[in-house]
1. Output the residues belonging to the stretch 56-69 that are in contact with a helix residue (DSSP H, G or I) (Cβ under 6 Å, 6 or more places away or on another chain) and either modelled with pLDDT of 90 or more or not aliphatic (A, V, I, L, M) (or both).
2. In the stretch 110-137, which residue that is surrounded by fewer than 20 Cβ atoms within 10 Å (Cβ to Cβ) and among the polar types (S, T, N, Q) is nearest to the chain's Cα centre (by Cα)?
3. Residues that are in a loop (DSSP other than H, G, I, E, B), surrounded by fewer than 17 Cβ atoms within 10 Å (Cβ to Cβ) and at pLDDT below 85: does the stretch 253-260 have at least one?
4. If you go through the stretch 156-196 one residue at a time, how many are over 19 Å from residue 229 (Cα atoms) and in contact with a Ser or Thr (Cβ under 8 Å, 6 or more places away or on another chain)?
5. Mind listing whichever residues of the stretch 171-212 are within 25 Å of residue 76 (Cα to Cα) and of a type in the set (Asp, Glu)?
6. Considering only the stretch 131-153, state which residues are within 19 Å of residue 198 (Cβ to Cβ) and either assigned to a loop (DSSP other than H, G, I, E, B) or touching a Ser or Thr at 6+ places or on another chain (Cβ under 9 Å) (or both).
7. Restricting to the stretch 208-222, give me the number of residues that are surrounded by 14 or more Cβ atoms within 10 Å (Cβ to Cβ) and part of a helix (DSSP H, G or I).
Amino acid sequence: MFQAPEALHDTQTIEYEKQGLFFENHVAEWLLNLPKPTGLLACNDIRGQQVTKLCRRSGLMVPEEVAVVGVDNDEVLCELSDPPLTSVVPDAAGIGYDAAVLLDGLMAGRPPPCNPIMVAPLGVITRGSSDVLALEDRQLVAGLRFLRENAFHRIDMSEVARAAGLSRRALERRFMIQIGRSPKAEVIRLRLERAKELLRETDWPLAEIAEKTGFTHGEYLHTVFTLKTGMTPGVFRKHGQPTADQLSFIRRRARRQAGAATRE
């Protein structure tokens, strides 16, 4: 854990964050001295964005050398980070529900709980700051980084090989040995993961998603998506994964049912 060189004054959150900015040089030095590769959990997305910025300034590769996860899933902050920041999604509705139950109990004269009430998060939204395999082969890391930065555009494997300082055959051999799939298969995987995100988070038509993810045509994306996932993009968009609100509702209902069973 990073320890600030001097104590921070207790104050409101925004002022507290401003105080933390004074210690950027200390954080950068601390990051450089960590064993690599390493993973960091920041207390919130502001701190996570600060870490990715300091890694870039210090010549550390994110996520290959330092993988970073924030908390709060502030989409503006996460997407503005370079690379985009992975973040834990808090169950805000669940927190509000439990707070209301607690307040109701206090108003009815029941004693407060002895321990803090822990509310589990809804999950983690994975973005570029943590989406990596831990690899010691720096040439392969360089090639993988170039591939991931360009996966959604037209990309030639010879360009990836040049970025890694390897021949194309050597690059493909190292990919298969250390990652378990070819560079081309990795491009398809990255494009599909991004397509899944856009299917979940937007109402864009398939043709637009295909253009944004490098598949070019909606028909090609439909074919590859169905082949790799076993369902069409339309089915995935409708039923593939519960949304954050759905997960929150499911958990609140489970807590109510558990409370009812206890009272009975």
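The values are calculated or read from the model by the stated rules, or taken from the named source; none is laboratory data. Here the structure is a predicted model, which is why all the values come from computation and not from measurement. FYI the Cβ positions are ideal-geometry reconstructions off the backbone, even for glycines, and counts take in every protein chain you see.
1. Matches in the stretch 56-69: 58, 64, 66, 68.
2. Filtering the stretch 110-137 for residues that are surrounded by fewer than 20 Cβ atoms within 10 Å (Cβ to Cβ) and among the polar types (S, T, N, Q), the one nearest to the chain's Cα centre (by Cα) comes out as 126.
3. Of the residues in the stretch 253-260, the ones in a loop (DSSP other than H, G, I, E, B) are none.
No, that holds for no residue.
4. Going residue by residue through the stretch 156-196, those that are over 19 Å from residue 229 (Cα atoms) are 156-179, 183.
Narrowing the set further to residues that are in contact with a Ser or Thr (Cβ under 8 Å, 6 or more places away or on another chain) leaves 161, 168, 172, 175-176.
The number of residues fulfilling the criteria is 5.
5. 193, 197, 201, 203, 208, 211
6. From the stretch 131-153, those within 19 Å of residue 198 (Cβ to Cβ) are 131, 148-153; that's our starting set.
Across the stretch 131-153, the qualifying residues are 131, 151, 152, 153.
7. Initially, the stretch 208-222 is screened for residues surrounded by 14 or more Cβ atoms within 10 Å (Cβ to Cβ), giving 209-215, 218, 221-222.
Still in the running and part of a helix (DSSP H, G or I): 209-213, 218, 221-222.
Matching residues across the stretch 208-222 total 8.
This table checks each residue for (1) crowded, with 17+ Cβ neighbours inside 10 Å; (2) modelled with pLDDT of 90 or more; (3) part of a helix (DSSP H, G or I).
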{"residue": "3", "(1), (2), (3)": "no, no, no"}
{"residue": "10", "(1), (2), (3)": "no, no, no"}
{"residue": "15", "(1), (2), (3)": "no, no, yes"}
{"residue": "18", "(1), (2), (3)": "no, no, yes"}
{"residue": "23", "(1), (2), (3)": "yes, no, yes"}
{"residue": "26", "(1), (2), (3)": "no, no, yes"}
{"residue": "30", "(1), (2), (3)": "no, yes, yes"}
{"residue": "39", "(1), (2), (3)": "no, yes, no"}
